[in-house]
2 protein chains.
Amino acid sequence: MAKVCVSEVFPVYNFTFELPTRVHFGQGSLEKLAELKESGSKVLLVYGGGSIKRAGIYGDALKILHGAGLEVFELSGVEPNPRIGSVRKGAKLCKENAIDTVLAIGGGSVIDCAKVTAAGAKYDGDAWDLVIDPMKIADALPIYVVLTVAATGSEMDPYAVISDLSKNEKWGTGSPLLTPKMSILDPSYTFSVSKKQTAAGTADIMSHTFENYFTPVEGFLQARFCEAVLKTCIHYGPVALNDPENYEARANLMWASSWAINGTLSAGSGVNWCVHPMEHELSAFYDITHGQGLAILTPHWMMHVLSEETAGKFAEYGVNVWGLDPKADAWTNALAAIECTRRFFKEELKLPMTLHEVGITEQDKFEIMAEKAAAGSEGCYVPLTKEDIVKIFKAAF
Amino acid sequence: MAKVCVSEVFPVYNFTFELPTRVHFGQGSLEKLAELKESGSKVLLVYGGGSIKRAGIYGDALKILHGAGLEVFELSGVEPNPRIGSVRKGAKLCKENAIDTVLAIGGGSVIDCAKVTAAGAKYDGDAWDLVIDPMKIADALPIYVVLTVAATGSEMDPYAVISDLSKNEKWGTGSPLLTPKMSILDPSYTFSVSKKQTAAGTADIMSHTFENYFTPVEGFLQARFCEAVLKTCIHYGPVALNDPENYEARANLMWASSWAINGTLSAGSGVNWCVHPMEHELSAFYDITHGQGLAILTPHWMMHVLSEETAGKFAEYGVNVWGLDPKADAWTNALAAIECTRRFFKEELKLPMTLHEVGITEQDKFEIMAEKAAAGSEGCYVPLTKEDIVKIFKAAF
């Protein structure tokens, strides 16, 4: 296994920190949608299936938007693991109707679709270009969000993930231009999120945090912030599962989802993600639920990268997050911490723990998926080769 | 003693979160000063004594500002516990020269002076009005910062504290208009901060965090973030004291200073500060160092508000921040946590621990100071009467 990278220069990298999203948090915040008129008069409302209609959010939002004098166009039916086809449709709508604002009401998939739509509206070529080459994002309509699922953190970050399943491609793109201008976070909108999605969302938040926490160059304050987010997920994930209308739990998970990925945990650390690239291949080839894929892979990834060199960090995770005995030796605590993680996903969040359980019953694509995932592994906590990744897939099978 | 306030409604309050300061962090970030030209062509440079000249920052900054084509005016000699007189002088300079940007190079006192100067430049009356009534701040010049002391967090917050020692008055004011547009945080600029100021600054950061942590209505995630900042101060404060050029320590303390008070720790919690109002009276009457005053008062404040009702919270602080045994009973851990705090200030940070040591040798002003401090105590973790505050002053005497 390759060595852990360690910076020879500074323990805290230079960075520029900007967090431009204005967040309105709490029950009743929807009324702040009237602020959209600051950006223009024609809005593209992007959403998924009918759930926002059943929950009444759709009707309430339209009333506020119309009350503010805004003309509303619609892009509906955005899929989980959102497709480039929806983005193309949205960009076309924007261009044809001279739309000047994009509003996503939904979870991460809807927001990600809205983001690339907003950039596509300002781009002459095919929107897929913007997914495979973020440098091509030179302009975008302003993006607003009403969040209905706590998971991806897309409500406060510059990233979007779009799939072209016809090519088994799923890629992340990003630009400061894609960071939402304003996001409305009303925890009561997540009361109706299913147990499955609540668990997957919690695993997604935790995985974003792990990606920042297990890093070759760590900021001390940033690592403690990571532990804060992890403890919040561990404390409230099961509460939300068992008591879906628990406002305190939903509020903490929702706010944790934003902070896991809004740049605070990575600023000054030397972060390059390890588990997400592997999961993206699973989703691209098998269209599985992202958070479930992450929960399946994470404990096996942890076991695979555990070594004399990394045991101290896993032990620290165990002591600071899981409350393990600081006097126990590092290797013992590291193993216990990984076991805590696995049991939490399995027993507390009731997540599937094998690829089999989510319908991946053949190993024939492991090589091609691993090859693609390994491409971005340089600079990871522990860089992974194609062979490493195949081993992790097999262990998770 | 009055009861701890507890919200009957939501454990997490509604809030709007905005963090508009762009931060350039790390050695060599000074070059970003060229960005000032985004706001105009005439800059008022605000600074204190000669330390920024000795450190070479003054010369380097002027070179960059002139290189960017900016005309530079100067307000120098800003005092610790900055005086309204300096603000008046700065506002006058801005008005007379049609200055369009204010740049503070220094610590919290310099930044606070620059903030109210920036508002005073846009105000027709006397700048003291803006200190005693924040609602009168209706406009302000854009504010930029180069930070040279890790302490007040003024580099990323909307607050300023200004004194009129002729009246023994020291008041905090604030407005979103006072939040810096951009701040440069180069940890190496704090290598030359004295042991005394390093210790006082660390105590100040911790006190800001305590004010957010000990709150009647607590957000879980926010409380864990508080613990992250506290652990960072406890870990790196003594390192910076003993090894002033330790970049890692200076970087973590500097970033902690910003996060202790940039709104993240308080958003969603029901925060009203308890110890700062008491210390402000000490500074207003005796012009002592703010962070020293906080360190002297804090353990006595903790002992005074410790009760059956609050012991659980102090015990949580002890377990999560000081690593006390979670199996011990709450009262034992609460007392131990307070003792850890006291010993840390005294033995690790070498701070004075009595009012006597900082030159307050008479008790004759305790009553008047306590009366003023008690005015703002409503909504505190444990509301304090004038009598409570006199007791705390006497215990700290």
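Worth a mention:
- Charge dipole (debye, nearest 20) of the protein assembly as shown; +1 at Cβ of Lys and Arg, -1 at Cβ of Asp and Glu: 580
- Solvent-free Debye scattering, log10 I(q)/I(0), computed from the Cα coordinates of region A:145-251 at q = 0.21 Å⁻¹: -1.23
- Neighbour counts of other Cβ atoms within 10 Å put A:Cys226, A:Cys233 in the fewest-to-most order A:Cys233, A:Cys226.
- Among A:Ala55, A:Ala104, A:Ala370: highest mean-square fluctuation, GNM of chain A, C-alpha pairs under 10 Å: A:Ala55
- By other beta-carbon atoms within 10 Å, ranking B:Thr332, B:Thr190 with the fewest at the front produces B:Thr332, B:Thr190.
- Gaussian network model of chain A, Cα within-10 Å springs - most flexible of A:Asp325, A:Asp129, A:Asp364: A:Asp364
- A viscosity of 1.002 mPa s and a temperature of 20 °C, combined with the Kirkwood radius over Cα pairs in Stokes-Einstein, give a translational diffusion coefficient for region B:28-185 of 142 µm²/s.
- Low-density loop cleavage sites - GluC sites (Glu not before Pro) in region B:297-355, where at most 12 other Cβ are within 10 Å (DSSP): B:Glu308
- Looking at the protein assembly as shown alone, DSSP beta bridges between its own residues are antiparallel in about 30 percent of cases.
- Loop GluC sites (Glu not before Pro), region A:68-158, which have at most 14 other Cβ atoms in a 10 Å radius of their Cβ (DSSP): none
- Shielding value for A:245-258 is 3, the average number of Cβ atoms from other chains within 10 Å of each residue's Cβ.
- With one equal scatterer per alpha carbon and no solvent term, the Debye-computed log10 I(q)/I(0) for the protein assembly as shown at 0.09, 0.10 1/Å reads -0.89, -1.10.
- Charge context of B:His276, other residues only, Cβ under 12 angstrom, K/R +1, D/E -1: -3
- CD proxy at 222 nm, helix term only [per DSSP H run n ≥ 4: -39500 (n - 2.57); per residue of the protein assembly as shown; nearest 500]: -14000 deg cm²/dmol
- Computed FRET value (nearest 0.05) for B:Asn97 with B:Lys350, which takes r as the C-beta separation and R₀ as 56 Å: 0.80
- Of all beta bridges that DSSP places with both ends in region A:28-185, some 25 percent have antiparallel geometry.
- Shown here for region A:172-266: GluC sites (Glu not before Pro) in loop regions (DSSP other than H, G, I, E, B) with at most 12 other Cβ atoms within 10 Å, namely A:Glu245.
- Diffusion constant of chain B at 20 °C, which comes from Stokes-Einstein with the Kirkwood Cα-pair radius and 1.002 mPa s, µm²/s: 100
- Solvent-free Debye calculation, one equal scatterer per alpha-carbon of region B:195-396: log10 I(q)/I(0) at 0.08, 0.09, 0.18 Å⁻¹ equals -0.24, -0.31, -1.33.
- Separation of region B:318-397 from region B:153-175 is 22 Å, based on Cα centroids.
- Summed side-chain charge close to B:Arg250 - residues other than B:Arg250 whose Cβ falls under 12 Å, Lys, Arg +1, Asp, Glu -1: -4
- Phi angles of region A:139-156 translate, via the Karplus equation with coefficients 6.51, -1.76, 1.60 and θ = phi - 60°, into HN-Hα couplings of 6, 7, 5, x, 10, 10, 9, 10, 8, 10, 9, 8, 6, 7, x, 4, 5, 9 Hz per residue; Gly and Pro are given as x.
- Expressed to the nearest 5 percent, the antiparallel share of DSSP beta bridges inside chain B is 25 percent.
- Inter-chain Cβ neighbour average for residues A:28-35, partner chain, 10 Å: 1
Where a number appears in this text, it was derived from the coordinates with a stated rule and is not lab data. Everything numeric here is computed off the predicted structure, so don't read it as measured data. As a convention, Cβ positions derive from the backbone with ideal geometry for all residues, glycine included, and neighbour counts pool all protein chains shown.
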